[in-house]
Amino acid sequence: MRRRIFVPAAALALVLLGAPSAIAPSAASTGSAGSAPSLVGYWKFDEGAGTTAADSSGHGHPLTLQGGASWTTGVIGPHALALTPQQDAAAATPVIDTSQSFTVSAWVNLASTTGYQTFVSEDGTQVSGFYLQLRGDTGRFALTRIAYDSTAGYAAIASASAIVPQPGVWYMLTGVYDATAQTVSLYVDGQLQQTVHALAPWSATGPLAVGRGFYNGAPTDWVSGSIDDVRAYSGVLPASGIRALAGNGSITVHENQAGPTLNSTQLGAFLEEINHSGDGGIYAELVRNRDLKESSSSPVYYSAVQDNGAAATIALDTSTPFNSANPVSLKLSVSSLPAGGRAGIANAGYFGIPVTPATTYHLSFYAKAGASFSGPLTASLENSDGQVWATAKIPAVTASWVRYTATLTTARGIPATLDNRLIISTSAAAAGSSAWFAMVSLFPPTYDNTPNGLRVDLMEKIAALHPGYFRIPGGNYLEGDTLATYFNWKNTIGPITSRPGHDNSAWGYWSQDGMGLLEYLEMAEEVGAQPILAVFAGYTLNGSVVPQSQLAPYVQDALDEIQYAIGPATSTYGAMRAADGHPAPFSLHYVEVGNEDFFDASGSYNGYRFPMFYDAIKAAYPQLKIIATTNVTSRTPDVIDDHYYSNDPSVIAGDAHSYDTTSRSGPKHIVGEYAVTQGAPTGTLAGALGEAAFLTGLERDADVVIGASYAPLLVNVNADSWPTNLIGYDGLTSYGSPSYYAQRMLGDSLGTTVAPSQIVGGNGSLWTVASTKAGGTTYLTVVNRGTSAATVSVDLAGVSTVSGGTSTVLTGDPAAMNSIAHPMAVSPTTQRVGASGSSFRHTFPASSLTVLSLATG
Ligand code: AHR
């Protein structure tokens, strides 16, 4: 390896005039050269093909790629110059007048960090007029100027002694020669490293070269690595301009400082019956209008089957009641049934009945036969062309209500289709005979094979979010529009045949309440979440308020509901829970009183409603934490539920700081509902990034924010009652929105403790949070809402090495959405990242959420 610092006797005079002593960094790059800097050469290296790199400065100095120099992925723009020894890219002439002040910058990424490697230079006859380089003698980056065009000339070296270059990491190097101050300075990643005296007023007369230097009259100092975005200026670029070249600032994570402990509830879920989230959604029942109450005038979603000459009608019948909770039955009247004919009932399901190959469906129904009607009955799944996918026989029906069950199994290899009906029919009934049906039900396989259970794909998607809590059962759905239609939990438990259902007046459709209180609680339990149980608190959407004198029964209902959830199996309601199949108490720790009671302008919430519920619940269950839905002064709630909705992602992102200054001695907060309402029926990437930015703030403030849940969670794409939702589906398939993937990424990157982090510089497009986990894992979450990639230096203070990890990125067109047809259009990708020191550079793509999961030591 050559020594590159010479102090020959002949140069003594120069040494005496211009010895390279270090100058205080603050003195550098103040623009002392007088004239404003001007871009004289700019090579973006974005061609990606060919042997010419255009000069974007407009001065006409293209570079020619030589010796096989090629292209690789860029750090700024799509491509960069790829080099191995003996390869370079050179101009035809000088570009910089090296006798005057100049600035030169380049992004460099080295494959190897040994030996002299010069990134940008300009040839003299013997040596280069400057070398922006990695020095072989020190292993550090430097701007080197030799005092005159001779190997005997004195070398002034501005070096980055504190930065040990890492292979595979992009660095932004900027060298400045200030002819007035007679100094050379080196900046790395926009930060001044060193300024030294330099007396070198000579002009290099040869070409500017990228990827090599010139020494002893010959090219040398070849580069192994990539070079991108090289700029040359006449004049001294001010420090602010040099920082701007370095991109979007830096992120420092203070692993040596303990931030708040993250809560097990930090990211949760919220479900209510909206958008056919339950019926026609996660509740796996495939028959629509099972309880025959969707319309009081006709058996909607049912039709009469009258094939091959048969004639039959169907009608709602209250004169042959099924039971007191469900007093309506479906009457099939057969007026003619010739041999080979078929008469019966058909149900169209929720926008079709999904049929998939090799699947067993569980059919059940109640039937009662009139005179001359005894069956047998055939149950079948058929499409609209009469293609039969599965059948089952019910040998006979009798004159009293009896429950019949059968399984319908489809063959392997059939297509998955939705355009199907469930048919229950007979080919043997006398003309003029009748039969009655009730509670016709068909379930596909359910999550965990639970009877009366939940849809597998939707539960899997929710489970993959690892929600720490499940806020149930609404929302507006809990409140109802009127006092007659709120979620009256006592009507939603017990056998499904005895649940009367209710008008979901909040969202405009009938709720059969097969998805009742028990199913909500079990859903939370099945995905490992604690329920946050919201109890009706005497206020409805139409503004009705239960007067104080009439509120006590509602308070008692809430106490009973809590007992149903957590009372011992020996208690009144705990015993009902046990009878309903769940002897063990649920893991309930939080009860929410009402929903969005800030809408109640009467003042009743603070005045008497919240206090009455609070006092009664605390007296009976002192261990429970009580959530208020708005600020109250009459009692001190344990937690306040705040909701955030906006169609502007910037507004939600800006809310990331909402809790930075919240009192740490008052109630905690939960964000029970949040969403950027942009896109339908599910949201855009821009919305997801706004939300992710918001969530970084909530995570940072984990000492006061116990959790957050997107709303609404589910939407049947055929029936959206709310514009923007997290997970969309039809009867057959489902997909997660960009917000879903963002939430999943954030959930997967929750350590145990927040590591305080800060962004220095940049243009305000970045949001970040970091956390750590015992055993040496650091999670760094960065949201870039900007329209260009941000290459940022990351410093993990308190860490000595990063032994590797992964980078998971969600990015794309900000307006992009997922859909049934394109379920993964916006979805994350994961790549391995290599080992590095505690400081490294990382590029966060435009419009992206990135989670770095790093093994740190
Ligand atoms: O998430 C949709 C609705 O928004 C919820 O039901 C209600 O609480 C809020 O207003």
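The values are calculated or read from the model by the stated rules, or taken from the named source; none is laboratory data. Not measured: the values here are computed from a predicted model. When we count neighbours, we look across all protein chains shown, and the Cβ atoms used for this are built from the backbone with ideal geometry, even at glycine. When the accessible area is computed, the model is the full protein with side chains, heavy atoms only, and any ligands, DNA or RNA have been set aside. Shrake-Rupley method; radii C 1.70, N 1.55, O 1.52, S 1.80 Å.
Considering (1) open to solvent by less than 40 Å² (accessible area, probe 1.4 Å); (2) within 22 Å of residue 811 (Cβ to Cβ); (3) among the charged types (D, E, K, R), say which one residue 701 fails and leave the rest.
It fails just one condition, (2).
Looking only at region 722-732, decide whether some residue is among the small types (Gly, Ala, Ser), surrounded by 24 or more Cβ atoms within 10 Å (Cβ to Cβ) and within 13 Å of the ligand (Cβ to nearest atom).
Within region 722-732, not a single residue is among the small types (Gly, Ala, Ser), surrounded by 24 or more Cβ atoms within 10 Å (Cβ to Cβ) and within 13 Å of the ligand (Cβ to nearest atom).
List the pairs whose first member sits in region 263-275 and is under 11 Å from residue 473 (Cα atoms) and within 10 Å of the ligand (Cβ to nearest atom), whose second member is of a type in the set (Gly, Ala, Ser) and open to solvent by 10 Å² or more (accessible area, probe 1.4 Å), and whose Cβ atoms are under 9 Å apart, counting only residues at least 6 apart or on separate chains?
Close Cβ pairs (under 9 Å, with a partner that is of a type in the set (Gly, Ala, Ser) and open to solvent by 10 Å² or more (accessible area, probe 1.4 Å)) amount to 272/506; 273/506; 274/506; 274/721.
What about residue 708, is it surrounded by 24 or more Cβ atoms within 10 Å (Cβ to Cβ), of a type outside the set (Lys, Arg) and within 16 Å of the ligand (Cβ to nearest atom)? Break it down stepwise before answering.
Details: surrounded by 24 or more Cβ atoms within 10 Å (Cβ to Cβ): yes; of a type outside the set (Lys, Arg): yes; within 16 Å of the ligand (Cβ to nearest atom): yes.
Yes: the conditions hold for residue 708.
Which residues, taken from region 61-99, are under 30 Å from residue 179 (Cβ atoms), at pLDDT 95 or above and β-branched (Val, Ile, Thr)?
Correct list: 64, 93, 95, 96, 98.
What number of residues within region 590-626 satisfy the criterion of being open to solvent by 40 Å² or more (accessible area, probe 1.4 Å) and out of contact with any strand residue (DSSP E or B) (no Cβ under 6 Å at 6 or more places or on another chain)?
Total meeting the criteria: 13.
Based on what the data block shows, is residue 719 in contact (Cβ under 8 Å) with a residue 12 or more places away in the chain, assigned to a strand (DSSP E or B) and within 15 Å of the ligand (Cβ to nearest atom)? Quick ask: steps written out before the conclusion?
Details: in contact (Cβ under 8 Å) with a residue 12 or more places away in the chain: yes; assigned to a strand (DSSP E or B): no; within 15 Å of the ligand (Cβ to nearest atom): yes.
Considered against the rule, which asks whether it is in contact (Cβ under 8 Å) with a residue 12 or more places away in the chain, assigned to a strand (DSSP E or B) and within 15 Å of the ligand (Cβ to nearest atom), residue 719 comes out as no.
Can you work out which of the residues in region 627-637 that are more than 16 Å from the ligand (Cβ to nearest atom) and touching a strand residue (DSSP E or B) at 6+ places or on another chain (Cβ under 7 Å) is farthest from residue 674 (Cα to Cα)? Break it down into steps so the answer makes sense when it comes.
Going residue by residue through region 627-637, those that are more than 16 Å from the ligand (Cβ to nearest atom) are 631-637.
Next cut, touching a strand residue (DSSP E or B) at 6+ places or on another chain (Cβ under 7 Å) only: 631, 637.
Working: 631: 18, 637: 21 Å.
Per the criteria, the residue is 637.
Could you pull out the residue among 584, 569 that is under 30 Å from residue 747 (Cα atoms), open to solvent by 30 Å² or more (accessible area, probe 1.4 Å) and at pLDDT 95 or above? Before the answer, list the steps.
Details: 569 fails: under 30 Å from residue 747 (Cα atoms).
From the options 584, 569, the qualifying one is 584.
Results for (1) away from the ligand (no atom under 16 Å from the Cβ); (2) more than 21 Å from residue 99 (Cβ to Cβ); (3) touching a residue at least 60 places away in the same chain (Cβ under 8 Å); (4) open to solvent by less than 10 Å² (accessible area, probe 1.4 Å), shown as yes or no for each residue.
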site	(1), (2), (3), (4)
200	yes, no, yes, yes
222	yes, yes, yes, no
242	yes, yes, yes, yes
255	yes, yes, yes, no
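With region 769-857 as the region, which strands (runs of 3 or more DSSP E) entirely inside it contain at least 1 residues that are within 30 Å of residue 716 (Cβ to Cβ), without any contact (Cβ under 8 Å) to a residue 12 or more places away in the chain and of a type in the set (Gly, Ala, Ser)?
Working: elements: 777-784, 790-797, 801-811, 829-833, 839-844, 848-856.
Hits in region 769-857: none.
Looking at region 734-750, can you tell me whether even one residue there is open to solvent by 40 Å² or more (accessible area, probe 1.4 Å), of a type in the set (S, T, N, Q) and either under 25 Å from residue 675 (Cα atoms) or in contact (Cβ under 8 Å) with a residue 40 or more places away in the chain (or both)?
First, the residues of region 734-750 that are open to solvent by 40 Å² or more (accessible area, probe 1.4 Å): 744, 748, 750.
Right, trim to of a type in the set (S, T, N, Q) and you get none.
No, there is no match, as no residue in region 734-750 is open to solvent by 40 Å² or more (accessible area, probe 1.4 Å), of a type in the set (S, T, N, Q) and either under 25 Å from residue 675 (Cα atoms) or in contact (Cβ under 8 Å) with a residue 40 or more places away in the chain (or both).
Picking from 195, 265, 252, which residue would you name as being over 26 Å from residue 182 (Cβ atoms), polar (S, T, N, Q) and either in contact with a His (Cβ under 8 Å, 6 or more places away or on another chain) or not in a loop (DSSP other than H, G, I, E, B) (or both)? Full working, then the answer.
Numbers: 195 fails: over 26 Å from residue 182 (Cβ atoms); 265 fails: either in contact with a His (Cβ under 8 Å, 6 or more places away or on another chain) or not in a loop (DSSP other than H, G, I, E, B) (or both).
On inspection, the qualifying residue turns out to be 252.
Assess whether residue 533 counts as being under 35 Å from the mean Cα position of the chain (by Cα), of a type outside the set (Ser, Thr, Tyr), within 16 Å of the ligand (Cβ to nearest atom) and open to solvent by 50 Å² or more (accessible area, probe 1.4 Å). Break it down stepwise before answering.
Values: under 35 Å from the mean Cα position of the chain (by Cα): yes; of a type outside the set (Ser, Thr, Tyr): yes; within 16 Å of the ligand (Cβ to nearest atom): yes; open to solvent by 50 Å² or more (accessible area, probe 1.4 Å): no.
Spelling it out, it is not the case that residue 533 is under 35 Å from the mean Cα position of the chain (by Cα), of a type outside the set (Ser, Thr, Tyr), within 16 Å of the ligand (Cβ to nearest atom) and open to solvent by 50 Å² or more (accessible area, probe 1.4 Å).
In region 302-401, which strands (runs of 3 or more DSSP E) lie fully inside it and hold 2 or more residues that are in contact with a Phe, Trp or Tyr (Cβ under 9 Å, 6 or more places away or on another chain)? Before you say what the answer is, go through the steps one by one.
Working: elements: 302-307, 311-317, 329-336, 342-347, 360-369, 377-383, 388-394.
Output list reads 311-317, 329-336, 342-347, 360-369, 377-383, 388-394.
Just one of the numbered conditions (1) under 18 Å from residue 314 (Cα atoms); (2) modelled with pLDDT under 95 is not true of residue 386; which one?
Of the numbered conditions (1) under 18 Å from residue 314 (Cα atoms); (2) modelled with pLDDT under 95, the odd one out for residue 386 is (1).
If you take the residues in region 244-253 that are surrounded by fewer than 24 Cβ atoms within 10 Å (Cβ to Cβ) and over 26 Å from the mean Cα position of the chain (by Cα), which one is modelled with the highest pLDDT?
245
In region 408-417, which residues are open to solvent by 70 Å² or more (accessible area, probe 1.4 Å) and under 21 Å from residue 378 (Cα atoms)?
409
Which of the residues that make up region 116-169 are open to solvent by 30 Å² or more (accessible area, probe 1.4 Å) and within 30 Å of residue 804 (Cα to Cα)?
137, 138, 140, 161, 162, 163, 164, 166, 167, 168
Could you tell me how many of the residues in region 441-476 are under 25 Å from residue 733 (Cβ atoms) and more than 23 Å from the chain's Cα centre (by Cα)?
Summing the residues that are under 25 Å from residue 733 (Cβ atoms) and more than 23 Å from the chain's Cα centre (by Cα) in region 441-476 gives 14.
Among the residues of region 722-735, write down those that are outside any strand (DSSP E or B) and hydrophobic (A, V, I, L, M, F, W, C). Steps first, answer last, please.
Of all residues in region 722-735, those outside any strand (DSSP E or B) come to 722-724, 726, 730-733.
Matches in region 722-735: 722, 726, 732.
Given the structure, is residue 629 among the β-branched types (Val, Ile, Thr), under 22 Å from residue 707 (Cα atoms) and either more than 30 Å from the chain's Cα centre (by Cα) or open to solvent by 50 Å² or more (accessible area, probe 1.4 Å) (or both)? Working first, answer last.
Details: among the β-branched types (Val, Ile, Thr): yes; under 22 Å from residue 707 (Cα atoms): yes; either more than 30 Å from the chain's Cα centre (by Cα) or open to solvent by 50 Å² or more (accessible area, probe 1.4 Å) (or both): no.
Criteria not met by residue 629.
From (1) closer than 23 Å to residue 451 by Cα; (2) modelled with pLDDT under 95, pick out the condition that doesn't hold for residue 392.
(2)
Please verify whether region 749-761 includes one or more residues that are part of a helix (DSSP H, G or I) and either out of contact with any Cys (no Cβ under 6 Å at 6 or more places or on another chain) or at negative phi (or both). Reasoning before the result, please.
From region 749-761, those part of a helix (DSSP H, G or I) are none; that's our starting set.
Checking region 749-761: not a single residue is part of a helix (DSSP H, G or I) and either out of contact with any Cys (no Cβ under 6 Å at 6 or more places or on another chain) or at negative phi (or both).
Could you list, in sequence order, the residues of region 670-700 that are within 24 Å of residue 752 (Cα to Cα), out of contact with any Gly (no Cβ under 9 Å at 6 or more places or on another chain) and within 16 Å of the ligand (Cβ to nearest atom)?
The answer is 674, and nothing else.
Can you say whether residue 258 is aliphatic (A, V, I, L, M) and under 23 Å from residue 841 (Cα atoms), as far as the supplied structure shows?
On the way: aliphatic (A, V, I, L, M): yes; under 23 Å from residue 841 (Cα atoms): no.
No.
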